[in-house]
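The values are calculated or read from the model by the stated rules, or taken from the named source; none is laboratory data. It should be emphasised that the depicted structure is a prediction, and the values quoted were computed from it without experimental measurement. Reconstructed Cβ throughout: ideal geometry from the backbone, glycine too, with neighbour counts over all protein chains shown. With ligands, DNA and RNA removed, areas are computed over all heavy atoms of the protein, side chains included. Shrake-Rupley method; radii C 1.70, N 1.55, O 1.52, S 1.80 Å.
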Amino acid sequence: MIIESILFLNVCINKSEKSLTITFIAATQGSSIVSSSAKVDFLKLQNGSDIRGVAVGGVEGEPVNLTEPVTEAIASAFAAWLLNKKKADGWRRLRISVGHDSRISAHKLQDAVTLGITTAGHDVLQFGLASTPAMFNSTLTEDEINHCPVDGAIMITASHLPYNRNGLKFFTSAGGLNKADIKDILERASGIYEDSSHGGTQELEQASKGEVSNVDYMSIYASDLVKAVRKSAGNKEKPLEGLHIVVDAGNGAGGFFVDKVLKPLGAITTGSQFLEPDGMFPNHIPNPEDKTAMKAITQAVVDNKADLGIIFDTDVDRSAAVDSSGRELNRNRLIALMSAIVLEEHPGTTIVTDSVTSDGLTTFIENKLVAHLFYDKGGKHHRFKRGYKNVIDEAIHLNTIGKESHLAMETSGHGALKENHWLDDGAYLMVKLLNKLAAARILNPNVGSKVLTDLVEGLEEASVTVEIRLKIDQNHADLKGGGLYVFVLSVQKNRGALFRKFSYNFVDVISLYRSFRDYGEAVLKHLENAISKDEHLCKAPKNYEGVRVSGYGGWFLLRLSLHDPVLPLNIEAPSKDDAIKLGLAVLTAVSEFPALDITALNKFLQQ
């Protein structure tokens, strides 16, 4: 018998008996089950708490999957989801704001989003070029003239990803949507898309369409940032007068910060660069973690003898800074700086970070601020998981159980404050730095970024910091049930049914992993066992992600990527020799897994 397709698969492993049972139901020859969802797999567009896809063709191996019809269906699904959330109000026409970053596919996707929402009978406010944080703010702003607050917001962006990608982020007044919400919306979208392919939307198209309005919301959002800085300086009109600040927007959406925020506050902005939106990103990747991007803003600060440099990612939900000496204030340093500012305002509060923050940061938050800056009380460092939404949600959770937290921040530059509705806003983070500068300049008009640099004095930093990505080969036999098997086959037939059932019982299974995630977890478990036998290494007593180990004056963390078949390895150590010792400990354990590509680790160890 020839089996044309496997529709359902179930795997059951009995470890004690070293046996495996696989049961599947296959369509008999000649049967056909076809669904439009098989042609467009909407769930594959999910990227954690937002949506990502390929929107522009031309890149080999990357077919377009975020088309205009798909985007229209997703927007319509969001409107339906939002209406369901507000069902207590009964059916009513919703107002949904739509903004986008500088990507070359932005306008066509904006049109598709608008069509999906208005066809469903709801109104759209088009903000044009906007930042992700501004879109969330539009759900909170009280401005009747500009039709705010809106019921929901959609930002069209794919952050720092290449020009051919794009995506969607969604907001309500409660904040960004979570993974379960995105899954719900994509499942709704799949149904809408399938209905449209069978003419099921004709009735909707004949219904009363929503209206479209254009709103300059970025001016409203920027004016709130200006007010915050002025307030910190005793309502002085131009508290940054004489201060030279350069901005690198990376040709994304952050150029507004110069004309709409810094100039009204009196700052000198000559030397600012890449402010013009250009979705091909011709100068550098708009990413505060990217070495080329940080080198560009550092050079701009030095060349222009500026007091401070500010850099944003594409949609301005991340940022970093550079002081007047060219010292980068990003990653652990930026978290330390924000922690110092927040702990001055909220002594003893808990700072939530992602899993790859340094041991030096922990010491700084919990001890150094008291000793160095004479704070009344140090903070608490709660190192959690990677993923900005994970970090933010954990901070919110801690507050609900009586553990006060005012800052949640990732080394990537995502940072959210309780005072700002737990929104990760790169512009607001920079405003917190400007607030500190403005307040200091009341006492000393000549003070520059040294007031910020002094706040992170005492932060211990490793001499060697490296991230190595160990890729899992999903085509390796270990992940495809490869190996030599002795098996017994039993077949159950039901000639009168459409489906036939088959059961395969395998014994003496050499290796089988159902997914790269299973394989990665096995690697981590093996590493954990190996570490327990090494007297030079100590596993972290409290850890929420992967295997974190201290030793040789440093530490390493091996974890499984949130979305990809990759095990990122982070190592920090006081010297290259110590870093190599930590790397060798990992290599010894993971070498037993042939589907794991350890080329990058070997290269590091051989340097």
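On the basis of being surrounded by fewer than 19 Cβ atoms within 10 Å (Cβ to Cβ), modelled with pLDDT under 95 and either in contact with a Ser or Thr (Cβ under 7 Å, 6 or more places away or on another chain) or part of a strand (DSSP E or B) (or both), does Phe502 make the cut?
Yes; evaluated as a whole, the condition is true for this residue.
Out of Ala300, Ala306, Ala253, I need the residue that is over 27 Å from Gly128 (Cα atoms), in a loop (DSSP other than H, G, I, E, B) and outside the structural domain of Thr132 (by TED's automatic domain parsing). Which one?
None of the other options fit; the residue is Ala306.
Just for the range 579-607: of the residues that are surrounded by 19 or more Cβ atoms within 10 Å (Cβ to Cβ) and β-branched (Val, Ile, Thr), which one is nearest to Ser463 (Cα to Cα)?
Among those that are surrounded by 19 or more Cβ atoms within 10 Å (Cβ to Cβ) and β-branched (Val, Ile, Thr), it is Ile580.
Looking at Lys263, Lys238, which one is open to solvent by 30 Å² or more (accessible area, probe 1.4 Å), assigned by TED's automatic domain parsing to the domain that holds Val302 and touching a Ser or Thr at 6+ places or on another chain (Cβ under 7 Å)?
Every option except Lys263 fails the conditions.
Any residue that is modelled with pLDDT of 95 or more and surrounded by fewer than 19 Cβ atoms within 10 Å (Cβ to Cβ) - is there at least one of those in the range 484-495?
no
Would you call Ala439 under 19 Å from the mean Cα position of the chain (by Cα) and outside any loop (DSSP other than H, G, I, E, B)?
no
Applying the selection to the range 141-188, what residues are open to solvent by 50 Å² or more (accessible area, probe 1.4 Å), within 19 Å of the chain's Cα centre (by Cα) and polar (S, T, N, Q)?
Listed by number, the list holds a single entry, Asn178.
How many of the residues making up the range 511-526 are more than 27 Å from the chain's Cα centre (by Cα) and either surrounded by fewer than 19 Cβ atoms within 10 Å (Cβ to Cβ) or modelled with pLDDT of 95 or more (or both)? Give the derivation first.
Let us first name the residues in the range 511-526 that are more than 27 Å from the chain's Cα centre (by Cα), namely 511-513, 526.
After this cut, where a residue has to be either surrounded by fewer than 19 Cβ atoms within 10 Å (Cβ to Cβ) or modelled with pLDDT of 95 or more (or both) as well, the list is 511, 526.
Number of matching residues: 2.
List pairs: first in the range 160-172 and within 21 Å of Lys291 (Cβ to Cβ), second aromatic (Phe, Trp, Tyr) and at pLDDT 95 or above, Cβ under 9 Å, 6+ apart or cross-chain?
Correct list of pairs: His160/Phe281; Pro162/Phe281; Tyr163/Phe281.
Which ones in the range 541-560 are of a type in the set (Ser, Thr, Tyr) and in a strand (DSSP E or B)?
Ser550 - this is the single residue of the range 541-560 that is of a type in the set (Ser, Thr, Tyr) and in a strand (DSSP E or B).
Can we say Ile117 is outside the structural domain of Phe257 (by TED's automatic domain parsing) and surrounded by fewer than 22 Cβ atoms within 10 Å (Cβ to Cβ)?
no
Enumerate the helices (runs of 4 or more DSSP H) found wholly within the range 13-121, keeping only those where 2 or more residues are at pLDDT 95 or above.
Correct list: 68-85, 106-119.
Restricting to the range 267-297, give me the number of residues that are open to solvent by 30 Å² or more (accessible area, probe 1.4 Å), assigned to a loop (DSSP other than H, G, I, E, B) and of a type in the set (A, V, I, L, M).
Residues in the range 267-297 being open to solvent by 30 Å² or more (accessible area, probe 1.4 Å), assigned to a loop (DSSP other than H, G, I, E, B) and of a type in the set (A, V, I, L, M): 3 in total.
Condition check: among the basic types (Lys, Arg), open to solvent by 10 Å² or more (accessible area, probe 1.4 Å) and more than 18 Å from Gly210 (Cβ to Cβ). Does Lys108 satisfy that?
It is true that Lys108 is among the basic types (Lys, Arg), open to solvent by 10 Å² or more (accessible area, probe 1.4 Å) and more than 18 Å from Gly210 (Cβ to Cβ).
One residue is enough: does the range 193-212 have a residue meeting the conditions assigned to a helix (DSSP H, G or I) and under 28 Å from the mean Cα position of the chain (by Cα)?
Scanning the range 193-212 turns up at least one residue that is assigned to a helix (DSSP H, G or I) and under 28 Å from the mean Cα position of the chain (by Cα).
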